[in-house]
Amino acid sequence: MNPNTFKKLSVAALALGASAISLQAGSFKEMSGHLDLDGDFVGYMDFDGEGKVLGDKLNVIYQQFADSNPNVPPFPIDFPAIFETLGFGSVRSMGMSSTEVEQGLHRNRSVTLLEGDPAGLFGVYSLDKIGFRAAKIAPADASTVISGRFDFDAIVSTAQSLASTIMGPMGEGMVMQGLGQPVADTDITVGELVSALSGGMDLIVVQNMENPAAPDIKGYLALKGAGGLVERLEPMMTQMGVQFSDTDKGRVADLSMFLQGAPIGLFVEVSSDSNDLLIYTDSEWVKTLGTGEGLVDSAAYQRVAGRLPEDAAFYAYSSGVEVDQLVGLLEQNPEMAAFAPLIANAVESLLGGFLAPSASATYREGDALITEGYSGFSYKDAVAVLPVGIAGGVGIAAAAEKMKKAQSWSGGSADGGTSEGAGEDSE
């Protein structure tokens, strides 16, 4: 090869490599503005163009497979187009970071940099900002609280596009036909149900484990704008024996008869002032929501959720798990009761941070889709806990086996006879 030609190729290769590094550096620079770079964990992955490269390779593999297998359906598969339809092509990079904001409390951030608006499956996240509505009415002892919206219509739209990409008009027609099918014995179609469930939700769960054998669980779910479903279902439900009643809050159906003597009830209500569909387990308890001191007034909530942005697209809060509750559950099992304290101590020392209260919010900031959370553990803890957990599990199993042997030996006599035999000899 001509030395000058080699030099030119070398310079071109270096220029190409430098431009790629520059692009990745630019993406990381944008990403770094959303991460805590001074924390104990930082992760970054660049996906720009990766979908096209992987898709082209899969195209070759699939074509080779189709050529050698006559039973493969005669549909041309374009994997890069499929990735674009699913929304993966809009992902430029992902990043994660963790930092300790105070003793035992970590801020964890996960960031996805997008090219434009969320597409494909990423469109399921409705990014209209809301407040943490459910937390404002939740009682102080709430275990799980969620507010947000999943746009299930985006999944349907993606399914249509995907079917069209793979099978053409026939595939899209098949999806449309499925969406037009009625749900059970009603006049509500699958498509209508999907749209009705896409208006957003507020969820509140209270779980009292003081008596592990019979935990007291109360739940409340509000489906925004879905009240019209009940009106269309009422004739069928009435024929099934469901009783409807009108209250000052709305129209209520008591479905408790279908729970076969369960310790909770089941009620469906259409709110008269909002057309929301409310589903709850206790008609008296639900009247107390939003009254007196509630979750937002508690110190545990404020420590984690009080740091979240006031407006986001999705919120979640968990009160965590008390180790005493774990001990109570283990003691319900006769075979595990003796080892309950040992297991509880191991869990608390290894996973204590994961059992603490936590809260998170998801929101969009420019081209970044951000989930920010506060909890007793960091991403580094999550990475480290797997090998530690495996080792801890092996250790607990070994200790439990030794305790079993010790218990069996404790009943033996000095000459190796059993205590029963010793007792018979003494008689």
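Note on the range 351-366: among residues that are surrounded by fewer than 17 Cβ atoms within 10 Å (Cβ to Cβ) and not in a strand (DSSP E or B), the one that is modelled with the highest pLDDT is Gly366. Listed by position, the strands (runs of 3 or more DSSP E) contained in the range 198-311 that have at least 1 residues being touching a residue at least 24 places away in the same chain (Cβ under 8 Å) and surrounded by 15 or more Cβ atoms within 10 Å (Cβ to Cβ) are 201-208, 216-223, 250-254, 267-271, 277-280. If the condition is being surrounded by fewer than 16 Cβ atoms within 10 Å (Cβ to Cβ), among the hydrophobic types (A, V, I, L, M, F, W, C) and not in a helix (DSSP H, G or I), then the range 45-70 contributes only Met45. Are any of the residues in the range 104-116 of a type in the set (Val, Ile, Thr) and surrounded by 19 or more Cβ atoms within 10 Å (Cβ to Cβ)? Checked against the condition, which is being of a type in the set (Val, Ile, Thr) and surrounded by 19 or more Cβ atoms within 10 Å (Cβ to Cβ), the range 104-116 yields at least one hit. Among the conditions (1) modelled with pLDDT under 85; (2) on the phi > 0 side of the Ramachandran plot, the only one that Gly200 does not satisfy is (1). On the stretch given as the range 90-148, residues that are among the hydroxyl-bearing types (Ser, Thr, Tyr), touching a Pro at 6+ places or on another chain (Cβ under 8 Å) and either closer than 28 Å to Gly376 by Cα or assigned to a strand (DSSP E or B) (or both) total 1. Taking Ile155 as the residue in question, decide whether it is part of a helix (DSSP H, G or I), touching a Leu at 6+ places or on another chain (Cβ under 8 Å) and closer than 26 Å to Ile370 by Cα. In short, yes.
Restricting attention to the range 147-167, and to residues there that are surrounded by fewer than 19 Cβ atoms within 10 Å (Cβ to Cβ) and touching a Phe, Trp or Tyr at 6+ places or on another chain (Cβ under 8 Å), which single residue is nearest to Lys218 (Cα to Cα)? It comes out as Phe150.
Look at the range 71-85 and say how many of its residues are of a type in the set (S, T, N, Q) and surrounded by fewer than 12 Cβ atoms within 10 Å (Cβ to Cβ). Even if it seems obvious, please write down each step before you answer.
Going residue by residue through the range 71-85, those that are of a type in the set (S, T, N, Q) are 71, 85.
With surrounded by fewer than 12 Cβ atoms within 10 Å (Cβ to Cβ) added as a condition, the list becomes 71.
The qualifying residues number 1.
The values are calculated or read from the model by the stated rules, or taken from the named source; none is laboratory data. Remember, it's a predicted structure, so these values are computed and weren't measured experimentally. Counting neighbours? That spans all protein chains shown, and the Cβs are built from the backbone with ideal geometry, glycine included.
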